[in-house]
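Below you'll find the structure, written out as structure tokens, and then a few comments.
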Amino acid sequence: MDSLNIRHHFPIFKEHSDMIYFDNAATTQKPKYVIDAISNFYTHHNFNVHRSVYTHAGETTEMFEQSRKNIASFINAGSAKEIVFSAGTTDSINLIANGYYAKHIKAGDEIVVSIAEHHSNLLPWQKIAKNNGATLKFIPLNEDANLDLNAASQIISDKTKLVAVTAVSNVLGNINPIDQLTTLAHEHGADILVDGAQAAPELPIDVQKTPIDWLAFSGHKMMAPTGIGVLYGKQDLLENMDIPRVGGEMIESVSTTDHKVKDIPYRLEAGTPNIEGVIGLDAAISYLKELKMTNVQKQCEKLGQYLYDQLNVLDGVSVYGPTKRQTGIVSFNVDNIHPHDAATFLDSKNIDVRAGQHCAEPLTHKLGVNATLRASLYIYNTIEECNRLVDCINEMKEFFNGSK
Amino acid sequence: MDLSNIYQRIIMQKASECPNNNQFDSDVHLTNPTCGDNISMAADEKNPNIENLQVSCDGCIICKGATQMMLEAIQDKSADQINELVLNMSKMMTHEHYNEELLGDLVAFKSVVHLPIRIKCAMLPFKAIYQLINGDDINR
Ligand SMILES: Cc1ncc(COP(=O)(O)O)c(C=O)c1O
């Protein structure tokens, strides 16, 4: 895959030609293809879906539902019915927690998460555990900073009702063994929810090959607009979900006193949906399909490994996570320089990296630090940009410590 | 962006002198949730005597520099005078008119205004001392 060629698809890199954008785990840039799809929608197809008989609205409804089918096929869902549109990963996980587990988790039950969860896949379960008298258990990391499967097989038991883990840590960048965790969960009669926020942009996902029960991901982290996300759930689970919101769009019939709701997924999507977001997500997915997810994964892994190797040999730099890199996410610290100061310094060199706890405070503390720097690379980043970061880190050491 | 305006020598120097030995029970503990800066303060008697003030700060240069320089600025000041100092610091950070003379060396933080996300770092010790003295948050 040729990053330089790919960069040309992204208008923002023309606008900010000197910028090194290394904060892709926060949000990704949008290719012209996606921007055009949204603009095309507003220029030619801006009609509401699922309500009107006139041809225009019918066409938009068809585009909208075709997008749902394409998104289903992107993760190989059994049916488009299993795709519910949400506002993003956080929204999806909250919908699942409040709509399903709030009523299915009983006192004494256990919910298992990993220590490396983003707050989005931690706080909803903390809340349910607290409200329902259940226990929240944590799968630790092993010495290589990968999820400890041995520990997981001890922790997941017949008491476990749900295993909720991220497929890719947004701090350490490792891919979790979702296959094995799915088998473990199912052996004990538990469900498994996968936070796909960082996986959907980088890895091929097949929810039938690895038969997870729930998947949540965000459009904006995979080149689609903000405000659109996906909640994938197995049909029987979605059918047993409480309806989160009532109102227009989700009903079969309404009398003055009662209403009959539509089938899934519509009854879980009250109100006019984010049509632009769905169209944009569909476009992002066809863009990714064109590149092929296996190539996307290879490219991110290659860049992640290169940056890791470069940083790892620098004096006074600690890089976190496994030595064998699988994604474009690399977190690190420079001795005696607080990540906040480092990020400000790098900002002055036009390099955008994230500093902080990355919404994963328990993990950050586990690493024994208050904060880290994170460079998260995506398909349009280059080896030259990695080299430039390394040079700037050397300059930075001089600036703050007076030494290299 | 001119880094040397933000990381002025005095700030870098004072940051290196900032106490960080969290060995006491704190009366006030504040953190910056996005970056992990944190500060603890304790005093035997709160208002107006803060002579036995204990402070520990772990964070970035801006936060540590601000902590140390604040500690130096509040020496021999009454609670009212400290509140006045906090208010003026806060005004400087929000582009309002402030008393430069009263802030003294703390004016070194003026450039932080251009880095909105770092304002919280500079203000953390001032928020903490305000809470310690007044028992509640500065309402601005
Ligand atoms: C692993 C992980 N989970 C969840 C989220 C939350 O995604 P969103 O803010 O799009 O809901 C993120 C994004 O920061 C993430 O990295």
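The values are calculated or read from the model by the stated rules, or taken from the named source; none is laboratory data. Keep in mind it's a predicted model, so treat the numbers as computed, not measured. Heads up, the Cβs are rebuilt from the backbone with ideal geometry, glycines too, and the neighbour counts pull from every protein chain shown. Each accessible area value is taken on the protein alone, full model and side chains, heavy atoms only, with ligands, DNA and RNA left out. Shrake-Rupley method; radii C 1.70, N 1.55, O 1.52, S 1.80 Å.
Applying the Karplus relation 6.51 cos²θ - 1.76 cosθ + 1.60 with θ = phi - 60° to region B:75-90 yields 3J(HN,Hα) values of 4, 6, 9, 7, 4, 4, 5, 5, 4, 5, 5, 4, 4, 5, 4, 4 Hz, where x marks Gly and Pro. Highest mean first, the peptides A:196-206, A:146-156 sorted by other C-beta atoms within 10 Å per residue fall in the order A:196-206, A:146-156.
What number results when the radius of gyration of region A:45-290, computed over Cα atoms, is divided by 2.2 N^0.38 Å? Each step should come with its number before you reach the end.
Details: Rg = 18.4 Å, N = 246, 2.2 N^0.38 = 17.8 Å.
Compactness ratio reported: 1.03.
Each residue of region A:220-233 was assigned a 3J(HN,Hα) from its phi angle through the Karplus expression (A = 6.51, B = -1.76, C = 1.60, θ = phi - 60°), giving 5, 8, 10, 6, 9, x, 6, x, 10, x, 10, 10, 9, x Hz with x at Gly and Pro. Ordering B:86, A:293, A:163 by the projection of their Cα atoms onto the charge dipole of the protein assembly as shown, which places +1 on the Cβ of Lys and Arg and -1 on the Cβ of Asp and Glu, puts A:293 at the extreme positive end.
Answer rounded, prolate or oblate for the protein assembly as shown, using the Cα gyration tensor with square roots of eigenvalues a ≥ b ≥ c: rounded when a/c is under 1.5, else prolate when a/b is larger than b/c, else oblate. Mind dumping the intermediate values first?
Working: a/c = 1.74, a/b = 1.57, b/c = 1.10.
Prolate is the answer for the protein assembly as shown, as a/c is 1.5 or above and a/b outweighs b/c.
Both chains summed, the buried accessible area for A and B stands near 1300 Å², from protein heavy atoms and a 1.4 Å probe.
Averaged over B:28-35, how many beta carbons belonging to a partner chain fall within 10 Å of each residue's beta carbon? Each step should come with its number before you reach the end.
Working: counts 0, 0, 0, 3, 5, 4, 8, 9.
Across B:28-35, the average partner-chain Cβ count within 10 Å equals 4.
Taking amide H positions as modeled 1.01 Å from N, with prolines and chain starts lacking one, the residues under 5 Å from residue A:160 and 5 or more places away or on another chain are A:110. Under a Gaussian network description of chain A, with springs only between Cα atoms under 10 Å, the residue in A:219, A:99, A:229 that fluctuates furthest is A:99.
Ranking A:105, A:77, A:3 by how far each Cα lies toward the positive end of the dipole of the protein assembly as shown (charges on Cβ) leaves A:77 at the top. Region A:9-29 and region A:144-218 have Cα centres spaced 30 Å apart. Computed from Cα atoms, the angle from the helix B:116-134 axis to the main principal axis of chain B rounds to 20 degrees.
Going from the chain on its own to the full set of protein chains, region A:338-368 has these residues losing 40 Å² or more of accessible surface (heavy atoms, 1.4 Å probe, no ligands, DNA or RNA): A:338, A:340, A:341, A:344, A:348, A:357.
Look at where the Cα atoms of region B:58-91 and of region B:1-36 average out, and the two centres are 11 Å apart.
Where is the GNM fluctuation largest for chain A (alpha-carbon springs, 10 angstrom cutoff): A:325, A:374, A:245? Of A:325, A:374, A:245, the most mobile in the Gaussian network model is A:245.
For the residue pairs A:106/A:159; A:161/A:324; A:81/A:298; A:30/A:292; A:209/A:324, the C-alpha atoms sit more than 21 angstrom apart in A:161/A:324; A:81/A:298; A:209/A:324.
5 Å is the cut-off here: which amide hydrogens, built 1.01 Å from N in the peptide plane, fall below it relative to residue A:139, excluding neighbours closer than 5 in sequence? Distant-sequence amide H within range of residue A:139: A:113, A:114, A:115.
Counting only lysines at least 8 places from residue B:110 when in the same chain, those with an alpha carbon closer than 19 Å to its own are B:14, B:64, B:91, B:120, B:127. Between 0 and 90 degrees, rounded to the nearest ten: what's the tilt of helix B:61-74 against the longest Cα principal axis of chain B? The angle comes out at about 60 degrees.
Classify region B:3-134 as rounded, prolate or oblate from the Cα gyration tensor: take a ≥ b ≥ c as the square roots of its eigenvalues, call it rounded if a/c is under 1.5, otherwise prolate when a/b beats b/c and oblate if not. Oblate, since a/c reaches 1.5 and b/c is not below a/b.
Taking Cα pairs under 8 Å and at least six residues apart, what relative contact order does chain B come out at, in percent?
Numbers: 211 pairs, mean separation 38.9, N = 140.
So the answer I get is 28 percent.
Taking a ≥ b ≥ c as the square roots of the Cα gyration tensor eigenvalues, with a/c under 1.5 meaning rounded and otherwise prolate when a/b beats b/c, else oblate, which class fits region A:229-360? Verdict is prolate for region A:229-360. A straight line joining the Cα centroids of region A:67-103 and region A:333-404 runs 34 Å. Ordering of A:112-119, A:302-309 by packing is A:112-119, A:302-309, highest average first (other Cβ atoms within 10 Å, averaged per residue). Projecting each Cα onto the charge dipole of the protein assembly as shown (Lys/Arg +1, Asp/Glu -1 at the beta carbon, about the Cα centre), which of A:345, A:229, A:312 comes out farthest on the positive side? Farthest towards the positive end: A:229. Amide hydrogen proximity for residue A:174: with H placed 1.01 Å from N in the peptide plane, the residues at 5 or more positions away or on another chain lying under 5 Å are A:169. 3J(HN,Hα) along region B:2-7, derived from phi through the Karplus expression 6.51 cos²θ - 1.76 cosθ + 1.60 where θ = phi - 60°, amounts to 9, 4, 6, 6, 7, 8 Hz, with x in place of Gly and Pro. Among the cysteines of chain B, those with no neighbouring cysteine Cβ under 4.7 Å are B:18, B:35, B:57, B:60.
Pair-distance distribution P(r) for region A:165-252, from all Cα-Cα distances in 5 Å bins starting at 0: 3, 12, 20, 21, 19, 13, 7, 4, 1, 0 percent.
Among complete DSSP H helices in chain A, those whose alpha-carbon atoms stretch at least 20 Å along the helix's long axis and whose mean Kyte-Doolittle hydropathy reaches -0.5 are A:275-291, A:383-401.
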